[in-house]
1. May I ask for log10 I(q)/I(0) of the stretch 2-261 at q = 0.11 Å⁻¹, from a Debye sum over the Cα atoms as equal point scatterers with solvent left out?
2. Could you list 103, 5 so that the one with the fewest beta carbons within 10 Å of its beta carbon is first and the one with the most is last?
3. Name the long-range amide H neighbours of residue 109: under 5 Å, sequence gap of 5 or more, or other chain; modelled H, no Pro or chain starts.
4. Each label point is 7 Å from the Cα along the Cα-to-Cβ direction; what then is the distance between the points at residue 196 and residue 96, in nm?
5. On full extension of the chain, what length is gained from residue 62 through residue 1, given 0.36 nm per residue of separation minus the C-alpha to C-alpha distance?
6. Pop the C-beta distance of residue 172 and residue 30 into the FRET formula with R0 = 30 Å and round what comes out to the nearest 0.05.
7. With θ set to phi - 60°, apply the Karplus curve 6.51 cos²θ - 1.76 cosθ + 1.60 along the stretch 84-91 and write out the HN-Hα couplings as whole Hz, x wherever there is a Gly or Pro.
8. What are the residues whose amide H is under 5 Å from the amide H of residue 235, where those residues sit 5 or more places off or on another chain and H is modelled from the backbone?
Amino acid sequence: MRVVIQDNYEKMSLWAAHYIAGKIRAHMQARPFVLGLPTGSSPIGVYKELVRMNKAGELSFANVVTFNMDEYLGLPREHDQSYWYFMHDNLFDHLVDMKPENINILNGMAADPVAECARYEEKIASYGGIDLFMGGIGVDGHLAFNEPYTSLSSRTGVRDLTTDTRIVNSRFFGNDPGKVPAQALSVGIGTVTDSKEVLVLISGHNKARALAATVEGGVSQKWTCSALQMHNGAIIACDEAACGELTVDTYKYFLDIEKKERL
Ligand code: GLP
């Protein structure tokens, strides 16, 4: 596992955006570059920089296929808190050459949510899997909507959200946890770790405990993000504020080994 520590959220975002751009540009194959994407506040800075590069003609999305991590169950696309809406508002609507047919987002209104999740897994497989999955994590370490004690080999499926997650996400629903959907469709931990590379963004003091569990704790379903330790291409991009619970030794190790990456 790599842990790339930057001074702050802005630098973490820039580093991650340029890492992704480099991977897209280096992808010289006829098959598209398959990119997994998250929602939340963590990736907003990355999306801004990807849009800037795309508009400036520095990065093309013409050969990119995307798969989003998750979607609330029961929210229509046009709801301003659906992840479909978020992704179009923050990324897709601003890209000059993203093909709409290359955008994949789980349908939270599917008549048969279980079948929708199976279809999603099949579609990912039809592209030969995901090249790079970018993610964020919740304060309880959930990756996508894989709450604590979700199997580390889980596949795309329907997930119950914990009360804690609904409280945290209620900031987008008028601070009323009751308005946050109780369930979501989400890729599984196994779906994410099947990707060739996984890049997870972790910023802010409130994620410090989760970062320490991900990097220094044992691999455990209690912290589903800890599954990254078993992945051969896992990178965490984080800021200083998120490093507060790492031991000094760990912190110094990654600063030293990744010093050329510091912006
Ligand atoms: C939600 C999403 C996760 C996301 C997490 C953290 O629960 N389902 O995919 O990683 O929030 O969000 P934020 O980046 O806003 O802290």
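Please treat every number below as a calculation from the coordinates, not as lab data. This one's a predicted model, so the numbers in the text were calculated from it and none came from an experiment. Ideal geometry is used to build each Cβ from the backbone, glycine not excepted, and the neighbour counts take in all protein chains shown.
1. Each listed q maps to, in turn, -0.56.
2. Ascending Cβ contact count within 10 Å gives the list 103, 5.
3. Under 5 Å from the amide H of residue 109 lie the amide H atoms of 74, each far enough along the sequence or on another chain.
4. For residue 196 paired with residue 96, the spin-label model returns 2.7 nm.
5. Length gained, residue 62 through residue 1: 18.9 nm.
6. 0.15
7. Listing the rounded values in order: 4, 5, 4, 5, 6, 5, 9, 9 Hz.
8. 2, 198, 199, 200
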